[in-house]
Amino acid sequence: MCYVKYMAATYDDNRSICKYVHSTSRGHEAIQIAAGLQLASHDCAAPYYRDEAMLLAMGWSPYELMLQLLAKADDPFSGGRTYYSHPANRGNNRPLIPHQSSATGMQVIPATGLAQGIKYIETQKLKEYPTTPVTLCSGGDGAMTEGEVSEALQFAVLKQLPIIYLVQDNDWGISVSSDEARAMDAYEYAAGFKGLNRMRVDGSDFILSWNAINNCIQFVRNQRKPILLHAKVPLLGHHTSGVRKEWYRSEEDLMKHAADDPFNKLEQYLIHSGLSKELITKINTEAKDYISSSFEKAKRAPEPESGSVMNHIFAESPVTDEQGSRTPYHVTEKTVMVDAALHAVDEILRQHPAALFYGQDVGRRLGGVFRQAATLAEKHGDERVFNTAIQEAYIIGSTAGLSAVGLKPIVEIQFADYIWPGITQLVTELSKSCYLSRGQFPVQSLIRIPIGAYGGGGPYHSGCIESSVLAVRGIKVCYPSNAADLKGLLKGAFYDPNPVVMFEHKGLYWSKVPGTEEAKTIEPDEDYIIPLGKGRVALHADEEMVDYGESVCIISYGMGIHWSLNAAKYYPGQVEVIDLRTLHPLDESLVLSTVKKHGKCIVLTEEPIENSFAQALAGKISSACFNKLDAPVCIIGSKPVPAIPLNMGLEKEILPNAELVAEHIGKLLRE
């Protein structure tokens, strides 16, 4: 507690040096220290941005925390990439702490995913622990009004997960007081989740806090059930260094909180227990001097090297080359895409006990609304293949926790139009984890998403959203056009240690849309794997036509490949079609070399053109191939409407088609 007190004072006295935004734990330190001291090294923790005292109790030194405060190169958590008290730890004889963002409450889903993963490991007997592990998820009272928190609590109670939710309630959410923000506190809120055990504690009293944390840990270790601990604490510091308490809090409020100072309470307890005032003074003096010397040392620590800024965007994938047989000699019948995907996941689950598959309707009863998970639960069990509630945020965000404990989750969002509730988790928790943890916590997450328009799916079952997802850095994105590529890419994505979004066009699943027969292929062998970032020539132009300058290349993916192949029939030998297969990372070498060879290029997408991936790709091609182009790059896409209409005639009017593509091919060849 002495360290916490003098660290806060030092930071405030050196505001020009402590220039990066930070929060301190003053007022919260009793409950935090009680928690940090009692967690074991095989436990998991998800602290929040005010939990510096918890980190000190776990064993990190003030100097190590100050390195993160000052964004220094030797910051043990992120190397100067993220904020103070944002830990990431694997090993070091301390609890497992995956990366978490600063977004309030967003860590609750990944933390619940940690507990989900621990329970899975226990039930599947994948690992032996010294004692049964617990997960501690810490947060402030302001987080409890976030919708993601509700999703996490629902899942934890439903599955009876071994997790402690520690809610530190200081009555403030920046300048918003508790009576403005909520109808009830976290303890009262927890009563609405049947099966969630709950406790209250005065979090400013160290002895009471110690006992409460001990009770919670023992309960979860023994009962393997969730519990919420509501700790009432004062806020003695500022919200952050940039939002100071005197700006919005009254003198009366400040005095009220100061009366519950955990430091003073513990000091009085120690005096009443027989500790001399002289010894307490000595401890204070030594702590103050130690903090001062640690701060001076941290100031002198080296800054990060500028050349390191591009490191750890992705973890390295073990799959770098295409492997296995794409067209086994013993197979003669072609397979539809949906079956190729089903078989790929079946093979993965059979080979890898750490793999599991969940999402809406993928469980035993239905096996997916497109039957893409049919029979998987029967084969592999309901603990490995199961339904979730309508919880897109949980489906996506929980994979961060599962990945951190060594599992390999495959999840599904039922339709691309419904990804939006899960976007926050994708952006804040998954995409940045590898980069901000300096490679300690890449998130292995395979997110399958049916996409695209056909057959009157209407405005909320037909949208193409790949450009929005591609705008998120730190995510890989695939969009295959046929059964062989879907199977190979699912395997490649599964073995890739990074988050991968796999878009699967619904209109290609069974090749029911006229002109999509080529989506059916010979099914590759079980060992067939495609590395992400490798495109494919779906159709070659005749070399003679290329030599005469009478050829065009089309760059596309998904349904666009089939529009292209059908359009090419009008111009035999004059069209080369490149199937990107992976949109990020992009096979730039294949794209640019193809465009330079032909000099005429069409970029084809199912999305509207404006502000799209296709438009950006056309710009890249124009810049890199300017001297080789015979004409401006042609971009073809859907009409710019906000949604796909339900009426099939209107749907057809909006989408590109083979005839439209053929028309543009003709124009380019005549120019």
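Every number here is computed from the coordinates shown, using simple stated rules; none is lab data. These figures come from a predicted structure and were not determined experimentally. All Cβ positions, glycine included, derive from the backbone under ideal geometry; neighbour counts span all protein chains shown.
Assorted remarks:
- Residues of segment 12-26 with amide N under 15 Å of the 7 Å Cα→Cβ point at R300: none
- Rel. contact order, % - alpha carbon contacts under 8 angstrom, at least six apart, segment 484-617: 26 percent
- Over segment 281-356, volume per residue of the alpha carbon convex hull, in Å³: 221 Å³
- Where trypsin sites (Lys or Arg not before Pro) fall in DSSP loop in segment 152-259, at most 15 other Cβ within 10 Å: K194, R244
- Beta bridges per DSSP with both ends in the chain, % antiparallel, nearest 5: 20 percent
- Stretchable slack from K194 to Q351, in nm (0.36 nm times residue separation minus alpha-carbon distance): 52.8 nm
- Loop-resident chymotrypsin sites (Phe, Trp or Tyr not before Pro) (DSSP state other than H, G, I, E or B) in segment 504-580 with no more than 16 further Cβ atoms inside 10 Å of their Cβ: W510, Y548, Y570.
- Shape class for segment 317-363, computed from the alpha carbon gyration tensor (a ≥ b ≥ c): oblate, with a/c not under 1.5 and a/b at or below b/c.
- For segment 288-380, the list of GluC sites (Glu not before Pro) that fall in a loop by DSSP and count at most 15 other C-beta atoms within 10 angstrom reads E305, E316, E322, E333.
- Those lysines that a straight Cα-Cα span of less than 21 Å connects to K639, excepting residues fewer than 8 apart in one chain: K506, K652, K667
- Proximal lysines relative to K379, as straight alpha-carbon distance under 20 Å, when same-chain residues fewer than 8 apart are discounted: K125, K408, K487, K491
- The modelled label-to-label distance between V309 and N93, using points 7 Å beyond Cα along the C-beta direction, is 3.9 nm.
- Taking only the Cα atoms of segment 1-126, the radius of gyration and Dmax are 15.0, 53 Å.
- For segment 440-504, alpha-carbon Rg and Dmax in angstrom: 13.0, 45
- Membrane-span-like helices of the chain, defined as complete DSSP H segments with a Cα extent of 24 Å or more along the helix axis and a mean Kyte hydropathy of at least 0.0, are identified as 206-223.
- Two-decimal log10 I(q)/I(0) for segment 62-203, as the Debye equation yields it once each C-alpha is a single scatterer, q = 0.10, 0.11, 0.15, 0.21 Å⁻¹: -0.41, -0.50, -0.89, -1.31
- By the rule of a C-alpha distance below 17 Å, with chain neighbours fewer than 8 residues away ignored, the aspartates and glutamates paired with K119 are D43, E128, D382, E383.
- Our note on the geometry: Cα centres of segment 377-412 and segment 156-203, 25 Å apart.
- In terms of Cα atoms, the Rg and Dmax of segment 332-462 work out to 15.3, 48 Å.
- Only Cα sites of segment 552-624 enter the Debye sum here, all with the same form factor; the resulting log10 I(q)/I(0) across q = 0.17, 0.18, 0.23 1/Å is -0.59, -0.66, -1.09, listed in q order.
- Note on segment 211-273: Rg/Rh from Cα positions, Kirkwood definition for Rh, rounded to two decimals, is 1.14.
- Globularity index of the chain is 1.08 (Cα radius of gyration / 2.2 N^0.38 Å, N = number of residues).
- Mean silhouette area of segment 425-566, derived from the convex hull of its C-alpha atoms and averaged over all directions, reads 11.0 nm².
- Net charge dipole, the chain: roughly 1000 debye, given to the nearest 20, about the Cα centre with Cβ charges of +1 for Lys and Arg and -1 for Asp and Glu.
- Rounded, prolate or oblate (a/c below 1.5 giving rounded, otherwise prolate when a/b exceeds b/c) for segment 588-671 by Cα gyration tensor: prolate
- By the helix-only formula, in which each DSSP H run with n ≥ 4 contributes -39500 (n - 2.57) and the sum is divided by residues, the chain has a 222 nm mean residue ellipticity of -11000 deg cm²/dmol.
- Per-bin percent of Cα-Cα distances, segment 493-621 [5 Å]: 2, 10, 18, 21, 21, 16, 9, 3, 1, 0
- Mean separation of Cα contacts under 8 Å, 6 or more apart, over the residue count of segment 68-156: relative contact order %: 22 percent
- Most positive-pole-ward Cα, M144, A88, L65, against dipole of segment 61-193 from beta carbon charges: A88
- Over all other residues within a Cβ to Cβ distance under 11 Å of I163, the charged ones net out to +3, with Lys and Arg as +1 and Asp and Glu as -1.
- Across K127/K159; K432/K620; K127/K334; K194/K432; K232/K277, pairs whose alpha-carbon gap is larger than 31 Å: K127/K334; K194/K432
- Diffusion coefficient (Stokes-Einstein, Kirkwood radius over C-alpha pairs, 25 °C, 0.890 mPa s) for segment 11-65: 202 µm²/s, rounded to a whole number.
- Within segment 122-259, DSSP assigns beta bridges of which about 15% are antiparallel (rounded to the nearest 5).
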